[in-house]
Structure formats: structure tokens, C-alpha cells
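Undergrad: Next up is a structure, given as C-alpha cells.
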Amino acid sequence: MSKTIVAVIIMVIAAIVGLFIGAALNDIVGGMILMVLISGIACIIHAIETSNKSE
């Protein structure tokens with residue numbers, strides 16, 4: 001449960017960072033989506049790697 005909460009918090013922070021990066025590039029929503037996708041994929045990869053180590 002705590003890993004899920006941490007992943008959601010990371011994605012919210014990434015969306016806020018993406019907002020400012022996207023604003024600098026004149027594409028606010030695109031920047032937010034890009035950063036959330038990158039952080040979401042990173043969280044998925046981390047979860048897969050930690051589950052393989054515990055087996």
C-alpha cells in the first residue's frame with residue numbers, strides 16, 4: 001500500500017514539474033503528460049525489479 005502512495009506522490013510532483021517545463025516550451029499539458037508518463041514507467045520498472053529480488 002505504501003509503495004502505491006509513494007508512486008502517486010512521485011507522479012503528482014512530476015506533473016507539477018512538467019507544468020513548468022511545458023510552460024517554458026509553450027505546451028503545458030504536453031509537458032505534464034510527458035513527465036507523468038516517465039515517472040510512471042520508472043515506478044513500474046522499480047516495482048518489477050524489487051519483486052524479482054524478493055523471490
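Undergrad: Given a 1.4 Å probe and every protein chain left where it sits, what share in percent of the accessible area of the chain is carbon and sulfur?
TA: 78 percent
Undergrad: Right, here's the next one. Taking the structure as given and computing Kirkwood radius over Cα pairs in Å, which label from (1) 15.5; (2) 12.9; (3) 11.8 fits?
TA: The value matching this structure is (3).
Undergrad: Sort the following peptides by mean Cβ neighbour count (other Cβ atoms within 10 Å, averaged over residues), highest first: 42-52, 24-34.
TA: Ranked by mean Cβ neighbours within 10 Å, highest first: 24-34, 42-52.
Undergrad: Something else now. How much length is gained on full extension from residue 38 to residue 52, taking 0.36 nm per residue of separation minus their Cα-Cα distance?
TA: Full-extension gain reported as 2.9 nm.
Undergrad: Please list the non-local residues whose amide H lies under 5 Å from the amide H of residue 27, H modeled 1.01 Å from N, same-chain partners needing a gap of 5 or more.
TA: none
Undergrad: Step through the residues of region 28-37 one at a time and calculate ³J(HN,Hα) from phi using the Karplus curve (6.51 cos²θ - 1.76 cosθ + 1.60, θ = phi - 60°), rounding each to whole Hz and writing x for Gly and Pro.
TA: Once rounded to whole Hz, the list reads 5, 5, x, x, 5, 5, 4, 5, 5, 5.
Undergrad: Per residue of the chain, what 222 nm ellipticity follows from adding -39500 (n - 2.57) for every DSSP H run with n ≥ 4, rounded to the nearest 500?
TA: -32000 deg cm²/dmol
The values are calculated or read from the model by the stated rules, or taken from the named source; none is laboratory data. What you see is a predicted model; the values in this text were computed from it and never measured. Positions of Cβ are backbone-derived with ideal geometry, glycine not excepted, and every protein chain shown enters the neighbour counts. Note: areas computed on protein heavy atoms with side chains; ligands, DNA, RNA excluded. Shrake-Rupley method; radii C 1.70, N 1.55, O 1.52, S 1.80 Å.
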